[in-house]
Amino acid sequence: MAPLLWVHGGAFIGGGLDQNESHAVALGIAATGRPVITVDYRLAPAVNWLKPLAERDLKPGTRYPAALDDVSAALQWIANRAPHVVLGGASAGAALAAATVLRNRDSGGFRPDALALAYGTFHSALPEVSPALRRRIRGWHGITQFRPSTVDRMNLNYAGSHAALTDPYAFPGNADVTGFPPTLLLDADRDSLRSSGEKFRDELTSAGVHTRHQVVPRSRHGFLDRPGRSAYDIGFETIIDWLASHDPEKS
């Protein structure tokens, strides 16, 4: 089996190799016989989610493209040792994985053979939420949702400037994604960030990329961080099936 590089989430400011979204997922996939490597990329500084964030208010610290460089370096390290590699990630990690593919495509770097991306934030601003999705996140389900202002703070804090927000290698949504490998997009049912996954799906399919988009029923953002629940099981099995059916070493 081709090795998998798996990238955790955490709003670009948190998470790590010990969180379930990294460790539990990696262990489960490795149990199928597939080599799995996780990457502890550099994180942006913490941000106050309750206060408006202007560029002048950004705390000193590591920002884009440091995390992207780390994921790219990890991918190249594996590629130097294996003829085929698959790449995946969740939330911020999904954005970093997609951005790595885009930058490597343009720079002539190594490109993975397949992608598995879970509930990613691919766009610099939250795309408009569809009526169907809005019905799934109303009422008490809306209390913990990512609002447009929250996404704006998270993304500016990661990018480090409004100019960097427009860089497609920071957020690959809205970019030309021609040449991407076969891609699985896995989204949560009750998650405003699903609007980014749905738009990215449309961008991929319009570019002729073989894409599968699946919404896990009755799930919330971050379901891969909660092993033992039905949403985790469904999401995990979907990733396993996708990797097995798109493994270049089995073709």
Scan the range 118-130 and give yes if some residue there is closer than 25 Å to V7 by Cβ, in contact (Cβ under 8 Å) with a residue 12 or more places away in the chain and among the polar types (S, T, N, Q), otherwise no.
yes
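Rundown of residues vs (1) touching a helix residue (DSSP H, G or I) at 6+ places or on another chain (Cβ under 8 Å); (2) assigned to a helix (DSSP H, G or I), yes/no style:
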position	(1), (2)
I29	yes, yes
R34	yes, no
R42	yes, no
L68	yes, yes
Q76	no, yes
A94	no, yes
D106	no, yes
L115	yes, no
A125	yes, no
If you check W77 against the conditions, is it open to solvent by 50 Å² or more (accessible area, probe 1.4 Å), of a type outside the set (S, T, Y) and within 30 Å of P60 (Cβ to Cβ)?
yes
Exactly one condition in (1) under 21 Å from A231 (Cα atoms); (2) at pLDDT 95 or above is not met by R135; state its number.
(2)
What number of residues within the range 216-247 satisfy the criterion of being part of a helix (DSSP H, G or I), open to solvent by less than 60 Å² (accessible area, probe 1.4 Å), touching a strand residue (DSSP E or B) at 6+ places or on another chain (Cβ under 7 Å) and not small (G, A, S)?
6
Based on this model, can you work out whether R135 counts as open to solvent by less than 70 Å² (accessible area, probe 1.4 Å) and part of a helix (DSSP H, G or I)?
no
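Matching residues to (1) in contact with a Lys or Arg (Cβ under 6 Å, 6 or more places away or on another chain); (2) at pLDDT 95 or above; (3) of a type in the set (A, V, I, L, M):
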residue	(1), (2), (3)
A54	no, no, yes
P60	no, no, no
L68	no, yes, yes
A73	no, yes, yes
A92	no, yes, yes
L102	no, yes, yes
Just a yes or no: is a residue in the range 189-196 surrounded by fewer than 19 Cβ atoms within 10 Å (Cβ to Cβ), closer than 24 Å to Q19 by Cα and either modelled with pLDDT under 95 or under 18 Å from the mean Cα position of the chain (by Cα) (or both)?
yes
Does the range 172-186 contain at least one residue that is on the phi < 0 side of the Ramachandran plot, open to solvent by less than 40 Å² (accessible area, probe 1.4 Å) and among the β-branched types (V, I, T)?
yes
Among the numbered conditions (1) part of a helix (DSSP H, G or I); (2) surrounded by fewer than 21 Cβ atoms within 10 Å (Cβ to Cβ); (3) touching a helix residue (DSSP H, G or I) at 6+ places or on another chain (Cβ under 9 Å), tell me where H213 comes up short.
(1)
How many residues are part of a loop (DSSP other than H, G, I, E, B), open to solvent by 20 Å² or more (accessible area, probe 1.4 Å) and within 13 Å of P227 (Cβ to Cβ) when one looks only at the range 1-27?
2
Out of all the residues in the range 106-120, is one or more within 24 Å of H8 (Cβ to Cβ), open to solvent by 40 Å² or more (accessible area, probe 1.4 Å) and in contact with a strand residue (DSSP E or B) (Cβ under 7 Å, 6 or more places away or on another chain)?
yes
Candidate set from the range 44-64 (those that are without any contact (Cβ under 8 Å) to a residue 60 or more places away in the chain and outside any loop (DSSP other than H, G, I, E, B)); member that is surrounded by the fewest Cβ atoms within 10 Å (Cβ to Cβ):
R56
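The values are calculated or read from the model by the stated rules, or taken from the named source; none is laboratory data. Predicted model, so just to flag it, every value in this text is computed and none were measured. Cβ coordinates were reconstructed from backbone atoms using ideal geometry, including for glycine residues, and neighbour counts include every protein chain displayed. Heavy atoms of the whole protein, side chains included, go into the accessibility calculation; ligands, DNA and RNA do not. Shrake-Rupley method; radii C 1.70, N 1.55, O 1.52, S 1.80 Å.
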